[in-house]
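As structure tokens, the structure follows; a few thoughts come after it.
The values are calculated or read from the model by the stated rules, or taken from the named source; none is laboratory data. These numbers come from a predicted model, not from an experiment. Cβ coordinates were reconstructed from backbone atoms using ideal geometry, including for glycine residues, and neighbour counts include every protein chain displayed.
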Amino acid sequence: MTVLVAGGGLIGLAIAWRAARRGLAVTVVDEAPGSGASRAAAGMLAPLTEAAYGEEALRALSRESLARYPAFLAELGGGVELRTEGTLEVGFDADDMAALDRLHAYYVESDLPVTRLTGSAARRREPALSPRVRGALHAPSDHSIEPRGLHAALLAAAADAGVHIVRSRIGSLVVEDGRAVGLRLADGAVLTGDTVVLALGAWSGSLPGAPPLPVRPVKGQILRLRGGAEGLLTGTVRALVRGESVYLVPFGADGLVVGATVEERGFDGTVTAGAVHDLLRDAIEVVPEVAELELVETLARWRPGTPDNAPLLGPSPLPGLVLATGHHRNGVLLTPATADAIADLLTDGTLPPYAAPFTVDGRMP
Ligand code: GLY
């Protein structure tokens, strides 16, 4: 069986790697693999603190995927570090404390592991936190990973497994007799395959020839900073500052991602002065020493949003076309579960039970 994967971000590459390891002939097509959402992602693996109230199905999928991470990374060769210090969700004023109390009660009712901390207990965990932090939740099972390192490891592993990478722009899906049979490249060349996997992230809803899908770009601007002798934080810190969410995710020896805006602006890729200002102001409020770090990168990319914030996995309305998209805020987290589920579908013809609730059935526009 031959498989064409449209999209060489984390999701597309992981599917390609897993499918090739199962003996399928796989080609990934992407003009610049890893230059989309994978490049901007902070790498939070956070089934608790990323899912909103009521997103229980998404949380279950997220926990399934997080549980797969250690083995997934071991199979990749162990070169990508999983940061397991957990996540702190911090607050500053009485309203924030009330919000943390509600969240705490909800997690406890849902039997999810979380601890309520005083401000000083939070600072014992993360001494760089502002003395103004009044309280926190500690979610010990919400981890993180550096997405660019993960992407590089997947690219190498996919190549080792025999995946062919075609670095060309995709023009359209080729459909013959009501079936997806290939991809037409922007230069007119056509690649054919028994199955086409659509893993184009935010562009999944606009591939000419593909059925209309409920996937839209949700812009996020992020910052990358460096400095502080051994890094300012050990784990992820999230906060609500004057009603605005901000997160700080450490990576490597002294790196820090600060994110992120959430903007409905289509494919606008502008990094705005206002967003950089607000993210830095809020991050400095949470961790004052952020002001001393070097701002090394600002960028904007697009999350593949769906109406219910959950991914679209598995068969599409068009025979021959398989969906692996719509991962919205959780692409990095959902990479292992998505890759395994789509590899199962490609080899056995069925999705595993954990992925079955995420088919497109009933969710078309
Ligand atoms: N997962 C974080 C974000 O999408 O901003």
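Picking from residues in region 341-365 that are in contact with a helix residue (DSSP H, G or I) (Cβ under 6 Å, 6 or more places away or on another chain) and in a helix (DSSP H, G or I), the one that is modelled with the lowest pLDDT is P357. Taking first residues from region 46-73 that are within 18 Å of G86 (Cα to Cα) and partners that are within 13 Å of the ligand (Cβ to nearest atom) and of a type in the set (K, R), the Cβ contacts under 6 Å between residues at least 6 apart in sequence or on separate chains come to T49/R238; E50/R329. Of the strands (runs of 3 or more DSSP E) entirely within region 222-315, those holding at least 2 residues that are within 15 Å of the ligand (Cβ to nearest atom) occupy 236-241, 244-251, 255-259, 294-305. Taking region 342-351 as the range and being over 14 Å from A324 (Cα atoms), surrounded by 14 or more Cβ atoms within 10 Å (Cβ to Cβ) and not hydroxyl-bearing (S, T, Y) as the test, no residue passes. Considering S110, S141, the condition of being of a type in the set (G, A, S) and under 19 Å from the mean Cα position of the chain (by Cα) is satisfied by S141 alone.
Checking each residue in region 206-227 for being of a type in the set (K, R) and touching a Phe, Trp or Tyr at 6+ places or on another chain (Cβ under 6 Å) picks out only K219.
Residue-by-condition table, conditions (1) touching a strand residue (DSSP E or B) at 6+ places or on another chain (Cβ under 7 Å); (2) more than 16 Å from the ligand (Cβ to nearest atom); (3) under 26 Å from T84 (Cβ atoms); (4) of a type in the set (S, T, Y):
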residue	(1), (2), (3), (4)
L323	yes, yes, no, no
G326	yes, no, no, no
G331	no, no, yes, no
I342	yes, yes, no, no
L345	yes, yes, no, no
P352	no, yes, yes, no
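Consider P113 carefully, then state whether it is within 16 Å of the ligand (Cβ to nearest atom), out of contact with any Phe, Trp or Tyr (no Cβ under 7 Å at 6 or more places or on another chain) and farther than 30 Å from S168 by Cα. No.
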